[in-house]
Amino acid sequence: MKFVVIGNPISHSLSPVMHRANFNSLGLDDTYEALIFQLKIFI
C-alpha cells in the first residue's frame, strides 16, 4: 500500500521517516512519502 502526507511546506515532516521505520519493523512492503501540495489546485 502507498501512503502520503501532503502540505506546503512539507520538507520538515518526520511522518515519512517514522512510518517507513514502522513498516520495516513489521516486515511490510508499504511506502510513505511527503508530497508538496499547492492549495490553488485543490480549490
task = Quick one: in segment 1-36, of everything that is surrounded by 14 or more Cβ atoms within 10 Å (Cβ to Cβ) and among the aromatic types (Phe, Trp, Tyr), which residue is farthest from the chain's Cα centre (by Cα)?
result = Phe23
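With the condition kept exactly as written, say whether any residue in segment 3-14 is of a type outside the set (D, E, K, R) and in a helix (DSSP H, G or I).
Here is the first cut: in segment 3-14, the ones of a type outside the set (D, E, K, R) are 3-14.
Going one step further and asking which of them are in a helix (DSSP H, G or I), we end up with none.
No.
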remark   = Log entry, pairs with first residue in segment 23-43 being under 18 Å from Gly7 (Cβ atoms), second being assigned to a loop (DSSP other than H, G, I, E, B) and among the polar types (S, T, N, Q), beta carbons closer than 9 Å, six or more apart or on different chains, reads Ala34/Ser11; Ala34/Ser13; Ile36/Asn8; Ile36/Ser11; Phe37/Asn8; Gln38/Asn8; Leu39/Asn8
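Here, each number is a calculation from the coordinates, and none is a lab measurement. Fair warning: this is a prediction, and the values are worked out from it, not measured in the lab. Methodologically, a virtual Cβ is constructed for each residue, glycine included, from the backbone with ideal geometry; neighbour enumeration extends over all protein chains shown.
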